[in-house]
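Structure first, then comments.
Nothing in this text is a laboratory measurement; each read-out follows from the coordinates by a stated rule. Given the structure is predicted, the values throughout are model-derived calculations rather than measurements. Reconstructed Cβ throughout: ideal geometry from the backbone, glycine too, with neighbour counts over all protein chains shown.
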Amino acid sequence: MSTETRPHMPEHRRSAASRPARILICDDEARLARLTAQLLESHGFDTFAATDLTAARRHLADAPVGVIVLDVNLSGESSHELLDYLEETGLSTRVLLTSGLAEDDVPEVLLRHPAVAGYIGKPYSVDIVAERLHELLLDG
């Protein structure tokens, strides 16, 4: 999934995003993952959706990813496992956590993980997610 034109992207962001930023959406809610991926494409991102950790690892092995949008609660799996995988493989991919939980209810071990760059609660606006992704990608 990708898009070629980005007429809505501000000029100062075009140079930083001269090629599409690859974003992995990992959420066990398949419809939400696909919809988020599609909407982020309209913001100029190259997206991949994964509904479990096996698919997420496969995407990470196939191509570099700029940021992972990772649901805290994956059916029967721990999102911490993906954070551990990033460390084990030496990937420096940044992670934006999402959840229907209040941020105070997200385990501290997840929020303090070195790969975690932020948290956005559900339901979220894709415009806000896109803005946060741009910030993370520009920060390097």
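When all alpha-carbon pairs of the range 17-78 are counted, what percent fall beyond 16 Å? Present the calculation step by step, with values, prior to reporting the outcome.
Details: 740 of 1891 pairs.
Of the Cα pairs, 39 percent sit more than 16 Å apart.
For the chain, the C-alpha radius of gyration sits at 0.98 times the compact-globule guess of 2.2 N^0.38 Å, with N the residue count. Dividing the summed helix terms, -39500 (n - 2.57) for each DSSP H run of n ≥ 4, by the number of residues in the chain produces a 222 nm estimate of -11000 deg cm²/dmol to the nearest 500. Report relative contact order for the chain in percent, whole number only (criteria: Cα-Cα under 8 Å, sequence separation at least 6). Once normalised by length, the contact order is 22 percent. Taking Cα centre as origin and charging only the Cβ of basic (Lys, Arg, +1) and acidic (Asp, Glu, -1) residues, the dipole magnitude of the chain rounds to 580 debye.
Can you classify the range 93-132 as rounded, prolate or oblate using the Cα gyration tensor, where a ≥ b ≥ c are the square roots of its eigenvalues, rounded means a/c under 1.5, and otherwise it's prolate if a/b beats b/c and oblate if not? Cα axes put the range 93-132 in the oblate bin.
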